[in-house]
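Have a look at the structure below before the remarks.
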Amino acid sequence: MSVKSQRGTRTWYQTFGCKANQYDTERMRQELEARGGLAASVPAEADLAVVNTCTVTSEADRDARRAIRRLAREHPGLRIVVAGCSAALREAEYQAMPEVWRVVPGQDPEAVGEAARPLLPLGRPPRGGQLVSLRGNGRTHLTRFRRGTRAWIKIQDGCDRRCSFCATRLARGASRSRPPEEIVREATLLACEHPEIVITGIHIGQYGSDLDRPWTLAGLCAQLLDGVEAVRIRLSSIEATEIDDSLVDLMADSGGRLVPHFHVPLQSGSDAVLGRMRRWHTREQYRARLARIVSRLPYLGLGADIITGFPGETDVDHAETRALVEELPYTYLHVFPFSPRSGTPAATLPGRVDGALRAVRARELRELGLAKGRSYRASRLGMAARVVVETTAANGEPVARPTGLTEDYLRVEVVTDGSAGRIQPGAVLDGHLEGDADRLRLRVATGRETPHRR
Ligand code: SF4
C-alpha cells in the first residue's frame, strides 16, 4: 500500500473562472469529503485532482488544458477528473486527453462524487448524522469555504438572455433559481464561519422569476438581512438594468450590511455594438440607470466588464465606449479583447477586428480604469470604512501585515496604533482611510474590533 493511500484519498482542487465556479468547487469538495475523501493542500500529496474549468474565453479553455497536462506531468499517477463549463461544451476533447481519468460535463457535485467513487472509502454519502440534516429536499447546503474569509453563495444557475458572444449560457442552460428558504438556511450555516457572504450566480438579476411563487433579488436580500445575523452581504456581477429601486433602497438603508458595491457589465458603450451583441439595453438605458443608483448612495464601489474589438467595432464605437467610461464613476474595470467562442453567433459575425487593434483598445480602457480607480481611492482618504480582515497564511496563522476588503471593494492594509491587539483574520474592523491613492491603509480605531463568531 502506498504512503498516499495509507493516508486516505486526498484531492487537489483547481478552479478556473468566475465566483460561481468557486462555489461549485466547494460543493464538489464537500461532496467528496462526505464520501470519506480528504482535501490536499498541495498537488504533491493528492491521489485525485478535480479541475473545474471555465469557457468564458478561448484563453480559459487553453489554461485548463495546460493545467491538466502540467498536473499529469509533474504528478504521475494522479487521477484527474475534469468538470465545469469547458467540460460541458468540450466533453469529447477532454475524454481524448490521455492525462484525464474522468470527465463530468457540468458542475453537479454528486456527479463528481460518483466519478471519483472508486477512490473514495465511503462510496455514497452515509445516511445519518449531520449530513442528512443538511440534505433538505434532496439538496445539500454548503457549510464553509476551505480557504479565505469570505464565502460565496450561488442563488441561481444559468441565464435566459441570448448575448451573441456568450458561451457560458450554452454551457449552463436556462436560469434556475434556488428557493429562498434554502438560500437563507445555507447563508445561516456559512455565516457561522464567514463574516462576509457574496451572492453569486450566472445571472442574479433574474433571480426568482422561474420559481412557482416568483421572487426578486431585492426580496431575497431583505430576507437574508432579516434572517442571517452578523454577516455582511455583497452582490457579485449584476446587470445594471436589473437593479431596481427597491434593491438600491435596501442597500442605502441597510447600515452597510448590504455593501455599496455593484459590478455592472457594460460590454460596449456603442448602441450599434450592443445591438450586434444582442444585449437587451441601450447605452442610454444603462447610463441613466447607473446615474440614478449613484445619486442614491454616498459612495459606491463600481466595476464593469468591457469587450473591445467586437466584430464590426469602429473607431467611433470605441470612442463612444471610452466617453461613457469617462462619464461614469467606475472604480475599476475588467477589460477583455473579444475572443470568438465556437458555437456562439458572434463567432461567425463579419467585420473581424484585427487582434492588435483589439489589444490596443483594451489597453487604453484598462489605463482609463486604473486612473479612475486611483482618483476614487483619493476621494475616500480620511473617510470611515469597515473591513473584513482577509489575509491568512497557508497554515491559517495571522500574518504580519494584514489586509482587508472595504465595503466598497478596496483592498487596504490594516494598521493599528499598537494597543488594539492582534488583528485576527475574519475580524470586522472599523477605522479611517489614510495613506495615499496608491497605498490605502485603514487606521483601526482602538477597541473597535468586532470579532466574528467562529
Ligand atoms: S446575460 Fe448575456 S453574457 Fe451574461 S450569462 Fe446571460 S447570455 Fe451570457
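Taking amide H atoms as placed 1.01 Å from N in the peptide plane, the amide H of residue 267 lies under 5 Å from those of 305, 306, 307, each 5 or more residues away in sequence or on another chain.
Scalar couplings 3J(HN,Hα) for the stretch 371-386, obtained by applying the Karplus form with A = 6.51, B = -1.76, C = 1.60 to θ = phi - 60°, are 5, 5, x, 4, 5, 5, 4, 4, 5, 8, 4, x, 8, 6, 8, 10 Hz; x denotes Gly and Pro.
With Cα atoms defining each centre, the stretch 327-379 and the stretch 43-81 are spaced 28 Å apart in the structure. Residues whose amide H lies under 5 Å from that of residue 383, counting only those 5 or more places away or on a different chain, are 433; hydrogens are built 1.01 Å from N in the peptide plane. According to the Kirkwood relation over distinct C-alpha pairs, the hydrodynamic radius of the stretch 132-380 is 19.3 Å. DSSP assigns beta bridges within the stretch 138-269; of those with both partners inside it, close to 15 percent run antiparallel.
Rg and Dmax, both from the Cα atoms of the stretch 266-387 and both in Å, are 15.7, 51. Write down Rg/Rh for the chain, rounded to two decimals, with Rg from the C-alpha atoms and Rh from the Kirkwood relation over Cα pairs. Result for the chain is an Rg/Rh of 0.96.
Charge tally around residue 436: other residues with Cβ under 14 Å, Lys/Arg +1 each, Asp/Glu -1 each, net +3. Unpaired cysteine residues in the chain (no second Cys Cβ under 4.7 Å): 18, 54, 85, 159, 192, 221. Can you tell me how the stretch 1-93 classifies by the Cα gyration tensor, rounded, prolate or oblate, using a/c under 1.5 as the rounded cut? It is oblate, given that a/c is not under 1.5 and a/b is not larger than b/c.
Within a Cβ distance under 9 Å of residue 296, other residues only, what is the Lys/Arg minus Asp/Glu net charge?
-1
Bear in mind these aren't lab numbers, they're just calculated from the coordinates by the rules spelled out. Bear in mind that the values here come from a model prediction, so they are computed numbers and not experimental data. Cβ sites come from the backbone with ideal geometry, for glycine too, and all protein chains shown count toward neighbours.
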